[in-house]
Structure formats: structure tokens, C-alpha cells
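Since the structure comes first, as C-alpha cells, the remarks are kept for the end.
The values are calculated or read from the model by the stated rules, or taken from the named source; none is laboratory data. Predicted model only: the values in this text are computed from it and were never measured. As a convention, Cβ positions derive from the backbone with ideal geometry for all residues, glycine included, and neighbour counts pool all protein chains shown. Quick note on the areas: whole protein, heavy atoms, side chains included, nothing else; ligands and nucleic acids left out. Shrake-Rupley method; radii C 1.70, N 1.55, O 1.52, S 1.80 Å.
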Amino acid sequence: MTLPVLPSTLRSGLHGRPMRRDDAGRWADLLAAIEEADQRGEHYDAADCAEELADPELDVERETVLLLDGPPGADARAVAYQVLRSRSGRAEGPSLISDAGVHPAYRRQGIGNALLAAARERATELGATLRMRVPESNTGAVALAEAAGMVPLRWWSELDRTLTEPIVAVPAPAGLAVSSLGPDYDAARWDGPLRTAHNSAFADHWGSAPVSAEGWAHSRTGSRAFRPACSAVATTADGGIAGYVLSYEYDADTARTGRRDLYVATVGTVAAHRRRGVAAALLAHVLRTARDCGYDTSSLTVDAQNPTGALGAYDRAGYRLRRREITFALTSPRP
């Protein structure tokens, strides 16, 4: 990614460069300042950021940028960032997803526009559709996207539920057994079959692309936030996977809020087993386990146009809408 061209009116001490692994602490501090202003309910610490920067599927040199205020060195303050991730959706073609943020004290000075322009240039190089997802309530981010000519493409519902409310037990469908993936996760046993089931279950989902073995091991079951005891799998009599749930807990979020939230990141059902109540049985198992493990709440995010009817399953499981997010997109010409 070409470094963003900053407005000439900005102070001269601002400079940009690709992120480095030793930027984890700086990045975490910047994210904390952004969260304080935007109240998205997302908290990350330096270990989370280090894990992100170590992702084997992230091209740190070409698709990340960190803007710093002050002379180069350990004391320079991170004031903005952008991380771009290339995806090759099965139906939508190549896309470039932008995750970016600007420190509240440095907003409305043109930095966001400069970051977006750099992302557009990289998307054009790749012949990819540029995408970014923002909270529907963040009027500044929505205005930035619209001013750049981006259009709303997809809506996402962020749901949560308290675990003090009743959790109705749901039996596994006939011929299936539901069990936890922990407390001690067996990667040799489960990583391959789970990844295969995931790539199959999400083949018809918008924006989904096959996950590599390396990416799965790093970001899914190898993440420090992964909670196998509160994750589950539904298996057939011969050991095949019909469905699964992967759940996570972020230590920084727990420390900041004082409550434990189990984030249900992925609920997948293989197509041949849909409409049988697999997801309902898995969710009931996970929620009851989470309650018994001392969690206070559970949350998740779902595509509002999900083709599997997932919103209904989550509603029946007791989840309620907290807020919505929008994916904006800008199609770039092929190179």
C-alpha cells in the first residue's frame, strides 16, 4: 500500500510507515482511545494486537500503515492506522477490506480521507472491490464513506443476551451428538475436519472465502481468545461434522468492563444438515456451558441477509439486537 498523502495543513511531525510487530503496544493504546470516543464495545490489548500482526495471511509491509506523531522512535505516538486484507469471495470476486481508525484528537483534519485514498489506490492495483464496515450510528464514518462514492452493500446485526435469563435445552437432532471441543482442544483431531466443514458450510455465504490450514490454525483455534470448552460440535454416528460453534473471550474486554462476555464468532451448519435444528442445539449447549463457566453475557454478529435463516435461530436462543453495522463498497476497475 502506498503511504497516504497527508494534508499539507497537518503538523510536520506526522509521518507514516508500515506496521511492525513491536507496534502492538502503540496500536493497542490507539484502539483504546478510539473506543473511548466511539463506544463500539470493543477492547483489545497489546497481546491481541501482536497476534493480529503475526497473522501469516496479513501482508504487513504492503497492506498496513501506522501514522505517528513525533520523531521516529519508541516515543512517537500512534494517531491513525489502516490494515487492508485481501479476500477472494466465491461469488463476489476479489475484495480489499479496510480496517482503519483515527485518534479522536486528530479527526476532521483530512487523515481519514488520506487513508481511504491509499486504500482505493491499492484496491485499483489489485482490481478489487474496496470495502469497509462501520457502525450505522457513526455518522462521521458513514459520511466519509459516502463522500468517497462508496455505497451501502450489506447490513450486519450485532446481538447479545444475558445469561441470567433462562436457557432452554434443545436436544440434538436424531442421529447427531453435541459435545464441547474442550476444555483441552485437540488440534490434531479437530482442525482439519472443522476447517473442511467451515469451508463447506459457508460456501454460499456472501463475502466468504475458503480458509487455509495456516489461517485456521492461527486465527481460529490457535487464537489466545479461543475458548474450546464453550465451543461445540455436532457429529454424525460415523464422526462426521454436521455443525459447529467457535467461541471466544477477550481478556481486555473482561478487564475493561468487569463482566465476562462469550463472543460466538462462528456458527456453521453443513448444507445437508440444515433446517433440522442443529444450530439451535449447538447454541443451547454453548450458552448453558458458558453460564456454568461464569460468563455474564454472550454476543455475536450476523449478516442480516444470511441465507440460512440464522437470525431466527438467534432470536429463539434469546439474543436481541444491540446495534447494526454497514458494509460500504467501492468497485475498482480491473487493472
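The table for this structure:
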{"read-out": "Per-residue [θ]222 nm for the chain (sum of -39500 (n - 2.57) over DSSP H runs n ≥ 4, rounded to 500)", "value": "-8500 deg cm²/dmol"}
{"read-out": "Separation between Cα centres of segment 113-155 and segment 34-55, rounded to whole Å", "value": "20 Å"}
{"read-out": "Gained length - Arg323 relative to Glu136, 0.36 nm times residue gap less alpha-carbon distance", "value": "66.5 nm"}
{"read-out": "Label point distance in nm, Ala304-Ala37, each placed 7 Å from Cα along Cα→Cβ", "value": "2.6 nm"}
{"read-out": "Rg ratio (alpha-carbon, reference 2.2 N^0.38 Å) - segment 214-276", "value": "1.32"}
{"read-out": "Accessible heavy-atom area order of Asp23, Asp315, highest first, probe of 1.4 Å", "value": "Asp315, Asp23"}
{"read-out": "Tail fraction, Cα-Cα pairs, segment 13-167, threshold 24 Å, whole percent", "value": "38 percent"}
{"read-out": "Accessible-area value, Glu57, 1.4 Å probe, nucleic acids and ligands omitted, Å²", "value": "90 Å²"}
{"read-out": "Net dipole in debye of segment 237-335 [+1 Lys, Arg Cβ; -1 Asp, Glu Cβ; about Cα centre; nearest 20]", "value": "360 debye"}
{"read-out": "Accessible-area composition of segment 163-309, carbon plus sulfur, in percent [1.4 Å probe]", "value": "52 percent"}
{"read-out": "4 °C / 1.567 mPa s Stokes-Einstein diffusion coefficient of segment 150-247, Kirkwood radius on C-alpha pairs, µm²/s", "value": "84 µm²/s"}
{"read-out": "Alpha-carbon Rg with Dmax, taken over the chain, Å", "value": "20.6, 67"}
{"read-out": "Angle between the chain longest axis and helix 111-126 axis [Cα atoms, degrees, rounded to 10]", "value": "70 degrees"}
{"read-out": "Area accessible to solvent at Ile241, 1.4 Å probe radius, in Å²", "value": "30 Å²"}
{"read-out": "Calculated FRET value between Asp29 and Arg108, using beta carbons and R₀ = 25 Å, to 0.05", "value": "0.75"}
